[in-house]
1. Answer yes if at least one residue in the range 92-107 is more than 21 Å from residue 181 (Cβ to Cβ) and loosely packed, with under 14 Cβ neighbours inside 10 Å, and no otherwise.
2. Restricting to the range 91-114, and then to whatever is in a loop (DSSP other than H, G, I, E, B) and free of Cβ contacts under 8 Å to residues at least 60 places away in the same chain, can you tell me which residue is farthest from residue 151 (Cα to Cα)?
3. Restricting attention to the range 160-177, and to residues there that are touching a Ser or Thr at 6+ places or on another chain (Cβ under 9 Å) and not hydrophobic (A, V, I, L, M, F, W, C), which single residue is surrounded by the fewest Cβ atoms within 10 Å (Cβ to Cβ)?
4. Go through the range 133-180 and report how many residues are among the β-branched types (Val, Ile, Thr) and within 16 Å of residue 88 (Cβ to Cβ).
5. Would you tally the residues in the range 153-201 being touching a residue at least 60 places away in the same chain (Cβ under 8 Å) and assigned to a loop (DSSP other than H, G, I, E, B)?
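Derivation of every value follows stated rules applied to the coordinates shown; laboratory data play no part. Quick caveat, the model's predicted, so the values are computed rather than measured. A quick note on method: Cβ atoms are made from the backbone with ideal geometry, for glycine too, and the neighbour counts reach across all protein chains shown.
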Amino acid sequence: MKKWLIIAPIGAAAAAAAVLLSKKGKGGEPKQAKPAAGKKQAKPAITKPKTGVYSFASGYKDAKTVEVALTYDEEKCTFGEVSEGFLVPTDDSHAAIIYGDDFAMQAEYASYYAGDDFAAHIDELKDRFSHVDPITYNGNTGVHYFNGHNYCLAFPIEGVTADYLLITVVSMVDESDDEAAKLPTNEMVVAILNSLTVSAK
């Protein structure tokens with residue numbers, strides 16, 4: 001098992017990662033890239049899929065159970081719920097962590113300040129960090145930003161008013177601006193985030 005990586009807080013946020021845009025054809029349908037002659041198409045990032053599930057209770061009188069599912073490659077990654085040894089400080093009693101070869105990802109619930117909702121939370125993030133931008137993965141729309149060398153993604157949870165989902169990705173290679181900037185386009189990170197499902201019952 002790899003050692004836990006503890007990220008110390010730093011001052012200015014790293015430069016925002018570039019947002020990837022899909023180019024569409026004239027008919028409105030995405031163009032399918034054809035493999036070059038003599039070359040095979042690249043393999044998908046996840047070839048041995050396995051789904052990890054993390055759940056938590058949100059709310060008081062209207063408490064709901066929130067279930068978060070992320071699919072990863074069981075040959076290249078490990079998944080587990082932890083109650084200590086978090087990647088980054090958290091108010092959560094437990095969190096889910098996925099370890100890859102060059103990254104680690106922590107999923108947790110995070111509570112709104114009293115009276116806040118997700119829109120108010122975004123405003124607060126914009127006051128604290130540069131380049132808080134919208135992002136969508138598997139139909140889940142939220143925002144992403146850098147907190148030091150930590151790549152953070154926040155998503156509202158439909159039907160839940162007390163908490164939101166916070167995902168933090170850190171580099172296992174090096175704590176530097178260059179390595180942090182690679183996280184939003186890391187092939188495995190993107191594949192895992194594209195599998196994200198969140199439900200509340």
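1. Yes, the range 92-107 has at least one match.
2. 114
3. In this case the residue turns out to be 161.
4. 4
5. 12
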